[in-house]
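Asks: Shown below is the structure under consideration.
The values are calculated or read from the model by the stated rules, or taken from the named source; none is laboratory data. Only a predicted model underlies this, so the values are computations on that prediction, with no experimental measurement involved. Cβ placement follows ideal geometry from the backbone for every residue including glycine, while neighbour counts extend to all protein chains displayed. Heavy atoms of the whole protein, side chains included, go into the accessibility calculation; ligands, DNA and RNA do not. Shrake-Rupley method; radii C 1.70, N 1.55, O 1.52, S 1.80 Å.
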Amino acid sequence: MTALEPRDAEVAPEPAGISGTPPDAALPATGTAAFTEELAERLTEQLVEQGGILGRTHRALSIGIVSVVLLIAFEATAVGTAMPVAARELNGISLYAFAFSSFFTTSLFAMVLSGQWADRRGPLAPLATGISAFAAGLLLSGTADAMWLFIVGRAVQGLGGGLVIVALYVVISRAYPGRLQPSILAAFAASWVVPSVVGPLVSGTVTEQLGWRWVFIGIPVLVVFPLALALPAIRRMASGPADPDRPAGPFDRRRIRFALGISLGAGLLQYAGQDLRWLSLIPAAAGAVLLVPAVLVLLPRGTYRAARGLPSVVLLRGIAAGSFIAAESFVPLMLVTQRGLSPTMAGLSLAVGGATWALGSFVQSRPRMAPYRERMASGGMVLVAAAIATAPSVLIASVPVWVVAVAWAVGCFGMGTVIASTSVLLLKLSAPDEAGANSAALQISDGLSNVMLLAIGGAAFAALGGGAVGAVHTAATGASGSHPGAFAAVFLPMAAVALVGVWVATRLRER
């Protein structure tokens, strides 16, 4: 029996959420018809006030956590623009790659830690700690006077980012009902649209006019607003353990050790992939030894064989993110070195992808699409594979360069449906006290596949004649800094990986 069902044939229901109303006030004098009309009006008012992610109940929380994602998105797009200038001024060009890998490796460790922390104590503490660490890392990098200190700041940022992203998933699983979870995840995707377009332009202007340090120092000031909105709402709606009556267990030290192993292993693989020498096999082997047992422990059982349900959800996330990001990393380089575009125009060719990504995420969030979520994920992977396979067609001189922009817009739409759908399915298939651990597994699959497929793609590119990044094709000389076959060796295997994702997407539903 619900609050809206009559308790007997003679008594009308009391409006939900309006308890304690005096009997004389509850029933208007005009009779049952008038009461029914008043009941409908009150329930309509409550739906307006409390329904939706921007309703009265979730408004502050939604604005706060979306603002957090917006800051992370802006940092990801803006910092990449300022990074070359920072490395040059700090005399650290030789250590440039480590400014990226340090962020990635520490975030992998933080994801596992955040999952355990949020499951046992609630997401409030890891989220607040993560945002604080993220801001501290930006300040440390922005004030660094040596490249090693700059890299340490990036590592601290990675710790903060890993803590935040998993804690946000736990917040969503606890604070939002199932019908609203696709919508808030779509809002996360939409929050990347503006930073993906504006971020590089703003960062470039600030770097040229004020200096690269202000790109790093300026972002932490913006952290105050989302903290002021989100933390009180999280404390009210999602704090504490999932089951308050059950005492929180100790942290699983074994999983934390494996998390450290997966971080070190990923870092060693990245290091080995930067230099194609026989000696590089040593760190590559050491990285594999650390990674394999850690992956088997930290990802759901059956992930490597695409077992139905949660394991396939986690695997699909890695396949989609890894294949698409690895291919996307080479698109601007291909346009610059093979077709003579300026770096700005090459970057803008991908800008529309932010909007179509958000559109794909929005489409999957519609309630009427919920029964077809698995089919949407499979169709999205078809679009991703098609986009990756189409991109190297511009290596043929007669193919116009706008083909890449169109293909990538289509691929980003597919990614929007797949990434958001895997997030929704993960929360749907996770028990309340497992949301943190499973969310960490999803992010690990995402991040680890990025580094592995990037390393494989980069090695193939270098082995088949990949030239210097700075070499630009010109119509006058016909010179080309990279052999076209090197690009094909990146894109075509990644398209094949995406096609494997089409099959994995058919196994998302549990029997």
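Asks: Go through (1) under 25 Å from residue 384 (Cα atoms); (2) aliphatic (A, V, I, L, M); (3) buried (at least 22 other Cβ atoms within 10 Å of the Cβ) and name the single condition residue 306 misses.
Replies: Every condition holds for residue 306 apart from (3).
Asks: Among residues belonging to region 461-474 that are part of a helix (DSSP H, G or I) and open to solvent by 30 Å² or more (accessible area, probe 1.4 Å), point out the one that is modelled with the highest pLDDT.
Replies: Top of the filtered list is 463.
Listed here are the residues, each with its yes/no results for (1) surrounded by fewer than 22 Cβ atoms within 10 Å (Cβ to Cβ); (2) in contact with a strand residue (DSSP E or B) (Cβ under 7 Å, 6 or more places away or on another chain); (3) modelled with pLDDT of 85 or more.
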{"position": "150", "(1), (2), (3)": "no, no, yes"}
{"position": "157", "(1), (2), (3)": "no, no, yes"}
{"position": "164", "(1), (2), (3)": "no, no, yes"}
{"position": "171", "(1), (2), (3)": "no, no, yes"}
{"position": "188", "(1), (2), (3)": "no, no, no"}
{"position": "196", "(1), (2), (3)": "no, no, no"}
{"position": "229", "(1), (2), (3)": "yes, no, no"}
{"position": "234", "(1), (2), (3)": "no, no, no"}
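Asks: Give region 198-223 a look and list any residue that's open to solvent by 40 Å² or more (accessible area, probe 1.4 Å), in contact (Cβ under 8 Å) with a residue 40 or more places away in the chain and within 30 Å of residue 56 (Cβ to Cβ), or say none.
Replies: If the condition is that a residue be open to solvent by 40 Å² or more (accessible area, probe 1.4 Å), in contact (Cβ under 8 Å) with a residue 40 or more places away in the chain and within 30 Å of residue 56 (Cβ to Cβ), then 222 is the only one that fits.
Asks: Then there's this: What is the residue count in region 409-451 for residues that are modelled with pLDDT under 85 and surrounded by fewer than 21 Cβ atoms within 10 Å (Cβ to Cβ)?
Replies: 5
Asks: Quick one: how many residues across region 169-190 are in contact (Cβ under 8 Å) with a residue 12 or more places away in the chain and in a loop (DSSP other than H, G, I, E, B)?
Replies: Residues meeting the conditions: 4.
Conditions tested, residue by residue: (1) of a type in the set (Gly, Ala, Ser); (2) in contact with an Asp or Glu (Cβ under 8 Å, 6 or more places away or on another chain); (3) in a helix (DSSP H, G or I); (4) under 26 Å from residue 123 (Cβ atoms).
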position: 382; (1), (2), (3), (4): no, no, yes, no
position: 386; (1), (2), (3), (4): yes, no, yes, no
position: 440; (1), (2), (3), (4): yes, no, yes, yes
position: 447; (1), (2), (3), (4): yes, no, yes, yes
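Asks: While we're on this one: Scan region 304-325 and give yes if some residue there is free of Cβ contacts under 8 Å to residues at least 12 places away in the same chain and either within 19 Å of residue 263 (Cα to Cα) or under 25 Å from the mean Cα position of the chain (by Cα) (or both), otherwise no. Walk me through how you get there before you give the answer.
Replies: Of the residues in region 304-325, the ones free of Cβ contacts under 8 Å to residues at least 12 places away in the same chain are 304-305.
With the extra rule that they be either within 19 Å of residue 263 (Cα to Cα) or under 25 Å from the mean Cα position of the chain (by Cα) (or both), the set shrinks to 304-305.
Yes, there is a match, as at least one residue in region 304-325 is free of Cβ contacts under 8 Å to residues at least 12 places away in the same chain and either within 19 Å of residue 263 (Cα to Cα) or under 25 Å from the mean Cα position of the chain (by Cα) (or both).
Asks: Could you list all residues from region 338-394 that are among the basic types (Lys, Arg) and more than 19 Å from residue 188 (Cα to Cα)?
Replies: If the condition is that a residue be among the basic types (Lys, Arg) and more than 19 Å from residue 188 (Cα to Cα), then 339, 368, 375 are the ones that fit.
Asks: Collect the residues in region 358-386 that are over 27 Å from residue 197 (Cβ atoms) and open to solvent by 60 Å² or more (accessible area, probe 1.4 Å), keeping them in residue-number order. Step through it out loud before you land on a result.
Replies: Going residue by residue through region 358-386, those that are over 27 Å from residue 197 (Cβ atoms) are 367-368, 370-375, 378.
Correct list: 367, 368, 371, 372, 375.
Asks: Checking residue 315 against (1) open to solvent by 50 Å² or more (accessible area, probe 1.4 Å); (2) in contact with a Ser or Thr (Cβ under 7 Å, 6 or more places away or on another chain): exactly one of these is not met. Which one?
Replies: Failed condition: (1).
Asks: Okay, moving on. Would you check which residues across region 137-167 are under 21 Å from residue 221 (Cα atoms), aliphatic (A, V, I, L, M) and touching a residue at least 60 places away in the same chain (Cβ under 8 Å) and list them?
Replies: Within region 137-167, 138, 139, 164, 165 meet the criteria.
Asks: Being of a type outside the set (Val, Ile, Thr) and open to solvent by less than 20 Å² (accessible area, probe 1.4 Å) is the filter here; which residues of region 393-408 pass it?
Replies: If the condition is that a residue be of a type outside the set (Val, Ile, Thr) and open to solvent by less than 20 Å² (accessible area, probe 1.4 Å), then 407, 408 are the ones that fit.
Asks: Shifting gears a bit: Sort out which residues of region 104-148 are touching a Gly at 6+ places or on another chain (Cβ under 9 Å), open to solvent by 10 Å² or more (accessible area, probe 1.4 Å) and not in a helix (DSSP H, G or I), and write them in order of number.
Replies: Answer for region 104-148, where residues must be touching a Gly at 6+ places or on another chain (Cβ under 9 Å), open to solvent by 10 Å² or more (accessible area, probe 1.4 Å) and not in a helix (DSSP H, G or I): 143, 146.
Asks: Here is a list: 340, 287, 322. Which entry is over 29 Å from residue 116 (Cβ atoms) and either open to solvent by 20 Å² or more (accessible area, probe 1.4 Å) or at pLDDT 80 or above (or both)? Steps first, answer last, please.
Replies: On the way: 287 fails: over 29 Å from residue 116 (Cβ atoms); 322 fails: over 29 Å from residue 116 (Cβ atoms).
Exactly one residue qualifies, and that residue is 340.
Asks: Right, here's the next one. Look through region 480-511, keep the residues that are among the polar types (S, T, N, Q) and not in a helix (DSSP H, G or I), and return whichever of them is farthest from residue 311 (Cα to Cα). Steps first, please.
Replies: Pass one, region 480-511, residues among the polar types (S, T, N, Q): 480, 482, 506.
Then drop every residue that is not not in a helix (DSSP H, G or I), which leaves 480, 482.
Numbers: 480: 44, 482: 39 Å.
Taking the candidates together, the pick is 480.
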